[in-house]
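The values are calculated or read from the model by the stated rules, or taken from the named source; none is laboratory data. In this text, all values refer to a predicted model and were calculated from it rather than measured experimentally. Neighbour counts run over all protein chains shown; Cβ positions are idealised from the backbone, glycine included.
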Ligand SMILES: Cc1ncc(COP(=O)(O)O)c(C=O)c1O
Ligand SMILES: Cc1ncc(COP(=O)(O)O)c(C=O)c1O
């Protein structure tokens, strides 16, 4: 509807109607998960309680809770009455020092000046993407991948280019495809390890291969490592920055997942500069951008040194053991479901499951499969569409075991009800 | 420096140098206060301790502290263990309900759905500006005014147009000037009341006059009311939204100033829609934008109902009394300084002081005046330049009285040392 222009007798300026439009920025800022979920018919079966395997919040089931040391640290910070005022926009020095210390190893030295505290890892990613890329430039990101990368970039007119992950190779990056996407407008590569939604954990060699591509094309990497160290027994997490002397890397992480406090909104960027490449402009850019919303909550900042120092290793081990047990249970059960192909995770809190769609001719897409799973079995999984990856769905592994077992039985029942035999599969297509 | 292109024997793609640039967005995001202060020579006099009258953080002197009820509320929220997970990106319903209740009066009904919790008032302003304005459009804002409005808009390519405030009329808006700035690309007016840096509090009629202009041109208003109710005895604060039935208003506020917890980063937007104007697009836009960084700290959100209900009126009264007493002391003292013209504030935490520059011929700008005040008297005030307003400086009024008295004496000494007599003033200009 165009504005209606009329010039009144007593008016100098044009009279406009009350039409207040939203900005382009807002219109382009679009969370696909939200709108996909909102567009779904989510009527659970009336006789079965709903089991939501959809939400990446490890705290919602009540079985996983932050350790006492974490709560105490905030309690102490609160009562010190020293953490109520404005902190520097990049965070208190003490808090940044604690993060730096936490990540410093014999090989990788992180200084407090390399740390920018943010309001959650999302904010860290927002700063990194918006510091590196301008309108019309592009950032490479994984498919399937976490949707916020694209959401954050789109508002700024930054293009997203998706490199493929290979389910048959434990979701490793298709390196040839990745490299083929790089063009003169490419400004960064996002690498998410361990991965949401895949639960994959890359080995050293694969990370080195990715780094080699970045180095060949002189591209910095944004390493989304919000699940850092969140790997199953026997697996090893390699911080990307520990493996390169030449590629500048912005590592994003935070307390969110492993410390089980997503609502506290404490994230950070570690600036791993190499050969003073980021010092020229990007470090300053990140600092300027941090001034927009003046940093993260100071109580959590004040508690950060104690949180990072005092949370016992056993706490993480227990969380991971819970998730790993669930992963094993779910993997075994789902493998037995006709036409389902779970991909075994090595860390994080998720598993992706492929659906052989031709064995489910009732459903055109995995979206319909997931919708019907809700209405018949009251089990809600996220359709692959949420990660730009059709024919798959994602489950979360942080749910209490008993609930998971029920959910797995229901999925089995659902598959038994709806699949057709292998030998008949595909027939419907030609009918 | 252009990229260096060379095609190596084994390489398919162009080889680039390690030149990683910052984005346009980052380059345009520029906090003038930070860079102005950084550019100042701030060497205090070695024999006099530094008194910083520059920082708008009411907690830094230690004399003003959040009330016990505020601390207890967070303590309780922490131990309930219910506020660690993700909240909805606009905030918990209970927290939004508490804010809605806090602002609801007989005349103005605020529903929880009209509240969006943000990471501080800066974030609230960021959402409002970026939801309403696109590249090439403009937003009207006060001069002198808080610099973040321009900083936030500039990154998005939004133009800032400054309407004048009139020091001789208690910093009321120059309405004729305001209206003259409106053009077809104008999408919103920012009104800051009570004001930083002026400390002005507008009366009802003046606010009605501003609203009339907005109504005439069908422009929504962003009301920065972070100092809401922070007015001296005898003054009255009128929420802008309480005075209009037709102008859509986004009111921004938070805990920051009045509750003395700037670091906690708890702000909010109240959506005062009128005739369903904002419902069409803007409400949805604000909600989408809130998903970028997933809202504000959940512990503070969990505490918000208790904070808003249990903080006693006496706490606010005491803070205001402290500031008002300081305002009166500073005003009286500064009025006696030759060539200084303090403008009496009615609220907030600041006072602007005009300098008759022709009576200080040693200094070309107020910037030099302020710099020398540091080197000779160790008193640091913000130069008007920080608010786009030369020939003035701003002081904060939250400092302990004893410190304020010392600072005032030092300013007097400084003025006595440097001013020239009225009758001689201006001579230097023609010399
Ligand atoms: C891969 C990945 N990155 C970043 C985030 C965002 O984390 P935060 O809640 O700290 O913003 C998530 C949250 O689910 C995630 O899965
Ligand atoms: C007028 C005005 N608006 C907004 C803000 C920002 O408040 P917050 O710290 O909640 O982001 C300030 C802070 O000084 C201010 O003076």
Return a yes/no flag: does the range A:87-94 have any residue that is more than 16 Å from ligand 2 (Cβ to nearest atom) and surrounded by fewer than 19 Cβ atoms within 10 Å (Cβ to Cβ).
-> yes
Which ones in the range B:51-73 are within 24 Å of residue B:196 (Cα to Cα) and either facing chain A (nearest Cβ under 9 Å) or surrounded by fewer than 17 Cβ atoms within 10 Å (Cβ to Cβ) (or both)?
-> B:55, B:56, B:57, B:58, B:59, B:60, B:62, B:63, B:65, B:66
Pick from the range B:220-235 the residues that are more than 18 Å from residue B:349 (Cβ to Cβ) and without any contact (Cβ under 8 Å) to a residue 40 or more places away in the chain: which of them is farthest from ligand 2 (Cβ to nearest atom)?
-> B:221
Scan (1) under 30 Å from residue A:238 (Cα atoms); (2) without any contact (Cβ under 8 Å) to a residue 60 or more places away in the chain; (3) in contact with a strand residue (DSSP E or B) (Cβ under 6 Å, 6 or more places away or on another chain) for the single condition residue A:366 breaks and write down its number.
-> (1)
Across the range A:121-141, what is the number of residues that are within 11 Å of ligand 1 (Cβ to nearest atom) and over 16 Å from the mean Cα position of the chain (by Cα)?
-> 0
When the range B:19-50 is checked residue by residue, the ones that are part of a loop (DSSP other than H, G, I, E, B) and more than 9 Å from chain A (Cβ to nearest Cβ) are B:40, B:41, B:42, B:43, B:44, B:45, B:46, B:47, B:48, B:49, B:50
Inspect all residues belonging to the range B:125-142 and state whether any of them is within 12 Å of ligand 2 (Cβ to nearest atom), in contact with a helix residue (DSSP H, G or I) (Cβ under 7 Å, 6 or more places away or on another chain) and under 23 Å from residue B:345 (Cα atoms).
-> yes
Just need a number here: residues in the range A:70-82 that are in contact (Cβ under 8 Å) with a residue 12 or more places away in the chain and within 30 Å of residue A:395 (Cα to Cα).
-> 1
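Yes/no per residue for (1) in contact with a helix residue (DSSP H, G or I) (Cβ under 7 Å, 6 or more places away or on another chain); (2) under 30 Å from residue B:57 (Cα atoms):
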site: A:245; (1), (2): no, no
site: A:249; (1), (2): yes, no
site: A:287; (1), (2): no, yes
site: A:296; (1), (2): no, yes
site: A:332; (1), (2): no, no
Members of the range B:386-424 found to be at pLDDT below 95 and assigned to a helix (DSSP H, G or I), listed by number | B:422, B:423, B:424
Do the conditions hold for residue A:108, that is, is it at pLDDT below 95 and either within 19 Å of residue A:387 (Cα to Cα) or more than 12 Å from ligand 1 (Cβ to nearest atom) (or both)?
-> yes
Residues in the range A:51-69: is at least one touching a helix residue (DSSP H, G or I) at 6+ places or on another chain (Cβ under 6 Å), modelled with pLDDT of 95 or more and in a helix (DSSP H, G or I)?
-> yes
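Do we find that residue B:163 is surrounded by 22 or more Cβ atoms within 10 Å (Cβ to Cβ), without any contact (Cβ under 8 Å) to a residue 40 or more places away in the chain and touching a helix residue (DSSP H, G or I) at 6+ places or on another chain (Cβ under 9 Å) in this structure? Don't jump to the end; show me each part of the working.
Values: surrounded by 22 or more Cβ atoms within 10 Å (Cβ to Cβ): yes; without any contact (Cβ under 8 Å) to a residue 40 or more places away in the chain: yes; touching a helix residue (DSSP H, G or I) at 6+ places or on another chain (Cβ under 9 Å): yes.
Spelling it out, residue B:163 is indeed surrounded by 22 or more Cβ atoms within 10 Å (Cβ to Cβ), without any contact (Cβ under 8 Å) to a residue 40 or more places away in the chain and touching a helix residue (DSSP H, G or I) at 6+ places or on another chain (Cβ under 9 Å).
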Per the list (1) away from chain B (no Cβ under 12 Å); (2) within 16 Å of ligand 1 (Cβ to nearest atom), residue check on residue A:259 breaks on (1)
In the set A:199, A:234, which member is at positive phi, surrounded by fewer than 21 Cβ atoms within 10 Å (Cβ to Cβ) and modelled with pLDDT of 95 or more?
-> A:234
Can you list the strands (runs of 3 or more DSSP E) found entirely within the range A:74-170 that contain at least 2 residues being more than 23 Å from residue A:219 (Cα to Cα) and within 12 Å of another protein chain (Cβ to nearest Cβ)?
-> A:115-118
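Do we find that residue A:219 is within 28 Å of residue A:396 (Cβ to Cβ), away from ligand 1 (no atom under 15 Å from the Cβ), at pLDDT 95 or above and within 14 Å of chain B (Cβ to nearest Cβ) in this structure?
Details: within 28 Å of residue A:396 (Cβ to Cβ): no; away from ligand 1 (no atom under 15 Å from the Cβ): yes; at pLDDT 95 or above: yes; within 14 Å of chain B (Cβ to nearest Cβ): yes.
The answer is no for residue A:219.
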Could you please give the count of residues in the range A:178-211 that are within 16 Å of residue A:168 (Cβ to Cβ), free of Cβ contacts under 8 Å to residues at least 40 places away in the same chain and either within 11 Å of ligand 1 (Cβ to nearest atom) or part of a helix (DSSP H, G or I) (or both)?
-> 1
